[in-house]
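Below is one structure, written out as structure tokens, with a few remarks after it.
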Amino acid sequence: MIKKYIYQDQEYLSAYLVRDAILKAENMIFGEEPEEGKAEFWAALGVTYTEEPDPEPTPEELLAEAKIERAKKVAKIKVTVDGMEFDGDETAQTRMGRTIAAAVALGVDINTYTQTWVLADNTVATPTIKQLAQALKLAGEAQTDLWTVPYTAELKAE
């Protein structure tokens, strides 16, 4: 709710500000506004008090909020390959991608070459490069599924 106070043709958006205006104009100090009967309380002081509902969020605000929710979901991505659960957030995907790229550039056998890795449950494992590549693929697919949600939701709202 947006609270508005109009005193001497001036609009105030807080009780503090209108109190200060009354103090300066009339050198008057008074008690706190009651929980009920606020309009009557303020009317006795020459103030028009109203409450208005909060404005509807703009499409831009809705999109920004949806992107924040998406980022939270991306940060929680987990994928499982051969019984190993990997973190699949953007940082983990970047680490997997670098490890895979270096191994491929060196020409290692991706089916047998292993890399020490900390899994989602903080246990240490030694997946093969191929298993890391599968985890990266699954994490990327999960992220892709989440990525368009803010835009789909925006289209539904229009």
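The values are calculated or read from the model by the stated rules, or taken from the named source; none is laboratory data. From a predicted model like this one, the values you see are computed outputs, not experimental measurements. No Cβ is skipped: glycine too gets one built from the backbone with ideal geometry, and neighbour counts run over all protein chains shown.
Taking residues in segment 45-60 that are under 30 Å from LYS24 (Cα atoms), and partners anywhere that are in a strand (DSSP E or B) and among the aromatic types (Phe, Trp, Tyr), the pairs with Cβ atoms closer than 6 Å and at least 6 places apart or on different chains are VAL47/TYR5; VAL47/TYR7; TYR49/TYR5.
Could you tell me whether LYS78 is at pLDDT 95 or above, more than 30 Å from MET1 (Cβ to Cβ) and among the basic types (Lys, Arg)?
Numbers: at pLDDT 95 or above: yes; more than 30 Å from MET1 (Cβ to Cβ): yes; among the basic types (Lys, Arg): yes.
So LYS78 fits the description; yes.
Taking THR80, is it closer than 14 Å to LEU136 by Cβ and not in a helix (DSSP H, G or I)? Judged against the criteria, THR80 is a match.
Against the conditions (1) without any contact (Cβ under 8 Å) to a residue 60 or more places away in the chain; (2) within 30 Å of VAL149 (Cα to Cα), GLU36 satisfies every one except (2).
What number of residues within segment 22-40 are farther than 18 Å from ILE2 by Cβ and buried (at least 16 other Cβ atoms within 10 Å of the Cβ)?
Step one: of segment 22-40, the residues farther than 18 Å from ILE2 by Cβ are 22-32, 34, 36-37, 40.
From what is left, the residues that are buried (at least 16 other Cβ atoms within 10 Å of the Cβ) are 22.
Within segment 22-40, residues that are farther than 18 Å from ILE2 by Cβ and buried (at least 16 other Cβ atoms within 10 Å of the Cβ) number 1.
Taking the criterion of being under 26 Å from the mean Cα position of the chain (by Cα) and either surrounded by fewer than 11 Cβ atoms within 10 Å (Cβ to Cβ) or not assigned by TED's automatic domain parsing to the domain that holds GLN143 (or both), the residues of segment 69-114 that qualify are LYS72, THR91.
For first residues located in segment 116-145 and over 13 Å from VAL81 (Cβ atoms) and in the same structural domain as ASP87 (by TED's automatic domain parsing), partners that are in a helix (DSSP H, G or I) and of a type outside the set (S, T, N, Q) and lie 6+ apart or on another chain with Cβ distances below 6 Å form the pairs GLN143/VAL74.
Residues to consider are ALA21, ALA25, ALA39, ALA66; find the one that is assigned by TED's automatic domain parsing to the domain that holds PRO150 and either in contact with a His (Cβ under 8 Å, 6 or more places away or on another chain) or not in a strand (DSSP E or B) (or both). Being assigned by TED's automatic domain parsing to the domain that holds PRO150 and either in contact with a His (Cβ under 8 Å, 6 or more places away or on another chain) or not in a strand (DSSP E or B) (or both) holds for just one of ALA21, ALA25, ALA39, ALA66, which is ALA66.
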